[in-house]
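Here is the structure we will look at.
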Amino acid sequence: MTTELAPGHGEPGPGHGREPVPGAPSPRRSPGRIAYRLAVPPASGVLRPRTLGVCAVLAAAVCAVFLAGVSAGEVSLPLAEVLRAVAGAGDPETRLIVHELRLPRAVAGLLVGIAFGVSGALLQTMTLNPLASPDMMGITQGAGTAVVAGLVLGWDFGPGTQFLGLLGALTAALAVYVLAWRRGTTGYRIVLVGVGVAWICTSATDYLMAHGRQFEAQAALGWLVGNLNARTWQQIGPLALALAVLLPAALLLGRQLRTLQLGDDLARGLGVRVQAVRIAVLVCSVGLVAFGTATAGPVAFVALAAPQIAQRLAGTPLPPPVASGLTGALVVLVSDLAARKLIPGTELPAGIVTGVLGAPVLLWLLVRANRTGSGG
């Protein structure tokens, strides 16, 4: 389908009726948007200059905070030395500190933030509900319950943690989808059922914590608040591979998700397999949040707040996935840096800071949804 936006009311745009030059874009401008069509390869779409600008600013901010996080620590390192160590130069002690201690932590925060931000954007777009996020729908809690079970029962071994997180998140998502099914599913029912599943998983986690031994319970408690301390490259690897597969899939689902906004009946008339798209979105979202949770724990409110912040920065009707991922990365990195600096000599878990920052956002969304009825 070719998307063309006429610059006037019923008037042909510039170049109307001309043959497109092979391989060259034929843009059509509209306030805040530029539609394009390529002859070779055959492709079309819409560019939003404001969204592109927001993504560029967010990417620059993420890079700055990332480098600041690598520089900060008990031994403060100048930015020039950090850059040399990242490039493999500099003295051996600095390279050891950067490559083995600080860089894995910063990369983990970056990837976890991207995963949570994109996951939240997918769910909020699918349900058309700003309150929909893995935190609110039981997906994060399902992954957390499975990983805590592994920690308490002694199954915590390398990639096994990633597998347990994925299994728990998939189980919770499947339960939500099955329980919300009634001649199909709607975004509102998915959110309501998800809240119930979230509390079930939370209760199961509390039971495991209460019946676990003190050492395992303390380890699980430290992980449950969302923690980037002592991250290793071995823990980051599975998340990086998951992002390499799931992020392109999430972007490819964008067109079908936009079509779902027209309603299920009209979307079916346009050839969209509605339930198949919803299942694909759930699988992508579950995979992202499961691997992110297994890496750093359930970092609170990032998947809820990041898409809403990105949507308002970009001025789009729904959360843009790329900007949401960058916003999530920025929130996690800033929170981790703040957690390390708030109390001298003490490194708080990043999830504590995101919880403090995210709670007001949740209250604001609840008030706004109550006033406008957008929450159902």
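Only one residue in A280, A267, A276 is farther than 12 Å from L111 by Cβ, open to solvent by less than 10 Å² (accessible area, probe 1.4 Å) and either part of a helix (DSSP H, G or I) or at pLDDT 90 or above (or both), so which one is that? Of the residues listed, the single one that is farther than 12 Å from L111 by Cβ, open to solvent by less than 10 Å² (accessible area, probe 1.4 Å) and either part of a helix (DSSP H, G or I) or at pLDDT 90 or above (or both) is A267.
Across segment 47-85, the qualifying residues are those that are open to solvent by 70 Å² or more (accessible area, probe 1.4 Å) and assigned to a helix (DSSP H, G or I), and the one among them that is nearest to V112 (Cα to Cα) is C63. Within segment 213-228, the residues that satisfy the criterion of being open to solvent by less than 20 Å² (accessible area, probe 1.4 Å) and in a loop (DSSP other than H, G, I, E, B) are G226, L228.
When L166, L170 are checked against the criterion of being within 16 Å of the chain's Cα centre (by Cα), of a type in the set (A, V, I, L, M, F, W, C) and open to solvent by 30 Å² or more (accessible area, probe 1.4 Å), L166 stands alone in meeting it.
For segment 299-336, enumerate the residues that are β-branched (V, I, T) and in a helix (DSSP H, G or I). Outline the logic, then answer.
Taking segment 299-336 first, the residues β-branched (V, I, T) are 299, 302, 309, 316, 322, 327, 331-332, 334.
Once the filter is applied, which keeps residues that are β-branched (V, I, T) and in a helix (DSSP H, G or I), segment 299-336 yields V302, I309, V322, T327, V331, V332, V334.
Residues that are closer than 20 Å to I279 by Cα, under 24 Å from the mean Cα position of the chain (by Cα) and outside any helix (DSSP H, G or I): does segment 183-190 have at least one? Yes, some residue in segment 183-190 is closer than 20 Å to I279 by Cα, under 24 Å from the mean Cα position of the chain (by Cα) and outside any helix (DSSP H, G or I). Determine if segment 355-364 includes at least one residue that is open to solvent by 10 Å² or more (accessible area, probe 1.4 Å), modelled with pLDDT under 85, within 14 Å of P134 (Cβ to Cβ) and out of contact with any Asp or Glu (no Cβ under 8 Å at 6 or more places or on another chain). Yes, segment 355-364 contains a residue that is open to solvent by 10 Å² or more (accessible area, probe 1.4 Å), modelled with pLDDT under 85, within 14 Å of P134 (Cβ to Cβ) and out of contact with any Asp or Glu (no Cβ under 8 Å at 6 or more places or on another chain). For segment 233-251, the criterion of a residue being touching a Cys at 6+ places or on another chain (Cβ under 7 Å), surrounded by fewer than 21 Cβ atoms within 10 Å (Cβ to Cβ) and closer than 23 Å to L174 by Cβ is satisfied by at least one position.
A search for C-beta distances below 7 Å between a residue of segment 347-361 that is under 14 Å from R105 (Cα atoms) and touching a residue at least 40 places away in the same chain (Cβ under 8 Å) and any residue that is part of a helix (DSSP H, G or I) and of a type in the set (A, V, I, L, M), counting only pairs 6+ apart in sequence or on different chains, returns E347/A339; P349/A339; A350/V332; A350/A339. Is it the case that segment 177-195 has a residue that's open to solvent by 90 Å² or more (accessible area, probe 1.4 Å), farther than 20 Å from L304 by Cα and touching a residue at least 60 places away in the same chain (Cβ under 8 Å)? Within segment 177-195, none of the residues are open to solvent by 90 Å² or more (accessible area, probe 1.4 Å), farther than 20 Å from L304 by Cα and touching a residue at least 60 places away in the same chain (Cβ under 8 Å).
Under the condition of being open to solvent by less than 50 Å² (accessible area, probe 1.4 Å) and touching a residue at least 40 places away in the same chain (Cβ under 8 Å), which residue from segment 305-314 is farthest from L362 (Cα to Cα)? Out of the qualifying residues, it is A314. All conditions in (1) closer than 22 Å to G297 by Cα; (2) in contact (Cβ under 8 Å) with a residue 60 or more places away in the chain; (3) open to solvent by 20 Å² or more (accessible area, probe 1.4 Å) hold for G120, with the sole exception of (3). Looking across segment 323-342, the residues that are surrounded by 24 or more Cβ atoms within 10 Å (Cβ to Cβ) and under 16 Å from the mean Cα position of the chain (by Cα) come down to A323, S324, G325, L326, T327, G328, A329, L330, V331, V332, L333, S335.
Does L241 qualify as being touching a residue at least 60 places away in the same chain (Cβ under 8 Å), more than 27 Å from T127 (Cβ to Cβ) and under 17 Å from the mean Cα position of the chain (by Cα)?
On the way: touching a residue at least 60 places away in the same chain (Cβ under 8 Å): no; more than 27 Å from T127 (Cβ to Cβ): yes; under 17 Å from the mean Cα position of the chain (by Cα): yes.
Against the criterion (touching a residue at least 60 places away in the same chain (Cβ under 8 Å), more than 27 Å from T127 (Cβ to Cβ) and under 17 Å from the mean Cα position of the chain (by Cα)), L241 does not qualify.
Among residues of segment 123-139 being open to solvent by 10 Å² or more (accessible area, probe 1.4 Å) and either within 12 Å of the chain's Cα centre (by Cα) or of a type in the set (S, T, Y) (or both), the one that is farthest from V302 (Cα to Cα) is T127.
The values are calculated or read from the model by the stated rules, or taken from the named source; none is laboratory data. What you see is a predicted model, and the numbers here were worked out from it, not measured in a lab. Please note: Cβ atoms are built from the backbone with ideal geometry, for glycine as well, and neighbour counts cover all protein chains shown. Please note that ligands, DNA and RNA were not included when accessible areas were found on the heavy atoms of the full protein model with its side chains. Shrake-Rupley method; radii C 1.70, N 1.55, O 1.52, S 1.80 Å.
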